[in-house]
1. Scan the stretch 124-161 for residues that are surrounded by 16 or more Cβ atoms within 10 Å (Cβ to Cβ), β-branched (Val, Ile, Thr) and near the ligand (Cβ under 9 Å from one of its atoms) and jot them down.
2. Restricting to the stretch 79-98, count the residues that are surrounded by fewer than 23 Cβ atoms within 10 Å (Cβ to Cβ), among the hydroxyl-bearing types (Ser, Thr, Tyr) and either within 16 Å of the ligand (Cβ to nearest atom) or farther than 21 Å from LEU29 by Cβ (or both).
3. Every residue in the stretch 171-191 that is polar (S, T, N, Q), surrounded by 14 or more Cβ atoms within 10 Å (Cβ to Cβ) and out of contact with any helix residue (DSSP H, G or I) (no Cβ under 8 Å at 6 or more places or on another chain), please.
4. Restricting to the stretch 48-74, count the residues that are at pLDDT 95 or above and either assigned to a loop (DSSP other than H, G, I, E, B) or closer than 30 Å to ALA14 by Cα (or both).
5. List pairs: first in the stretch 130-157 and farther than 16 Å from ILE87 by Cβ, second aromatic (Phe, Trp, Tyr) and more than 11 Å from the ligand (Cβ to nearest atom), Cβ under 9 Å, 6+ apart or cross-chain?
6. Step by step: first the residues of the stretch 121-177, then only those that are among the β-branched types (Val, Ile, Thr) and assigned to a strand (DSSP E or B), then the one that is farthest from the chain's Cα centre (by Cα). Which residue is that?
7. Among the numbered criteria (1) touching a residue at least 60 places away in the same chain (Cβ under 8 Å); (2) in a helix (DSSP H, G or I), which one does LYS108 miss?
8. Starting from the stretch 182-194, take each residue that is closer than 14 Å to TRP99 by Cα and in contact (Cβ under 8 Å) with a residue 40 or more places away in the chain and list its partners that are in a helix (DSSP H, G or I) and near the ligand (Cβ under 9 Å from one of its atoms), counting only C-beta distances under 6 angstrom and pairs at least six apart or across chains.
Amino acid sequence: MTKLLYIKASPRGAESKSAALADAYLAKLRATHPAIEVDTLDLATERLPDYDGDKVAAKMTVIMGQSHEGAQKTAWDELTEIANRFIAADTYLIATPMWNGGLPYKFKQYIDLIHQPGLLWGLDPEKGYFGLLQNKKAVLALTSGAFGPNMPSPAFGVDYQSTYLKFWLNQAGVEQIEEIRFQPSLLTADPEADFQAAVAEAEKLAA
Ligand SMILES: Cc1cc2nc3c(=O)[nH]c(=O)nc-3n(C[C@H](O)[C@H](O)[C@H](O)COP(=O)(O)O)c2cc1C
């Protein structure tokens with residue numbers, strides 16, 4: 001059975017357009033794949049631990065090929081548990097707005113927590129980073145108020161949102177990535193018509 005992890009990065013709940021877009025995708029996907037198992041990770045309500053000194057030390061210990069003891073072991077176990085929820089999924093549905101050119105801070109915190117050596121990636125001293133995830137797909141539902149792929153850049157912003165997400169997913173080994181965009185969501189003559197067009201794209205992709 002396919003496991004889908006649905007990550008919501010906007011704190012706007014029912015008002016979130018990125019989540020609404022992802023919801024439209026998921027509704028269509030569920031209609032054609034009723035057995036799909038969905039795990040929803042709402043970053044607005046999820047309690048994420050601070051990335052404190054013990055967690056930094058635990059990560060460096062793994063990179064140095066050493067083993068953990070005491071507080072570092074506790075920290076590493078906590079990171080592993082959070083990352084394992086991500087690793088358990090076959091498909092990622094990621095709904096995120098652009099915040100200041102990039103990702104909302106809680107989403108970046110989540111990525112920093114789970115993007116760990118030996119769990120999501122490895123490092124070859126000669127060839128560089130390699131991803132440890134295999135045969136996984138991601139669908140990105142992206143919103144931004146002023147930025148749009150067809151808007152002049154940098155005047156209306158620079159896209160560190162989709163570019164960063166794809167960099168991160170690629171480094172973890174996720175190569176198959178699709179995008180659905182409602183961009184711009186504010187600077188448009190007819191936001192509702194543009195949103196409905198994005199929903200139609202989302203449904204087409206899911207079908
Ligand atoms: C803190 C914050 C920062 C934002 N930064 C940008 C930005 O850099 N570029 C942009 O085009 N829109 C920016 N926006 C607007 C949101 O990306 C836009 O309203 C989006 O549609 C919200 O998606 P949501 O409904 O899923 O929350 C920002 C909004 C907030 C709250």
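1. THR143 - this is the single residue of the stretch 124-161 that is surrounded by 16 or more Cβ atoms within 10 Å (Cβ to Cβ), β-branched (Val, Ile, Thr) and near the ligand (Cβ under 9 Å from one of its atoms).
2. 1
3. If the condition is that a residue be polar (S, T, N, Q), surrounded by 14 or more Cβ atoms within 10 Å (Cβ to Cβ) and out of contact with any helix residue (DSSP H, G or I) (no Cβ under 8 Å at 6 or more places or on another chain), then GLN171, GLN183 are the ones that fit.
4. Residues meeting the conditions: 5.
5. VAL139/TYR25; VAL139/TYR92; LEU140/TYR92; ALA141/TYR25
6. Taking the candidates together, the pick is THR143.
7. (1)
8. Going by the 6 Å Cβ cut-off, the qualifying pairs are SER185/LYS17.
The values are calculated or read from the model by the stated rules, or taken from the named source; none is laboratory data. Note that the coordinates shown come from a computational prediction; the quantities given were computed from them, not determined experimentally. Cβ: placed from backbone, ideal geometry, glycine included. Neighbour counts: every protein chain shown.
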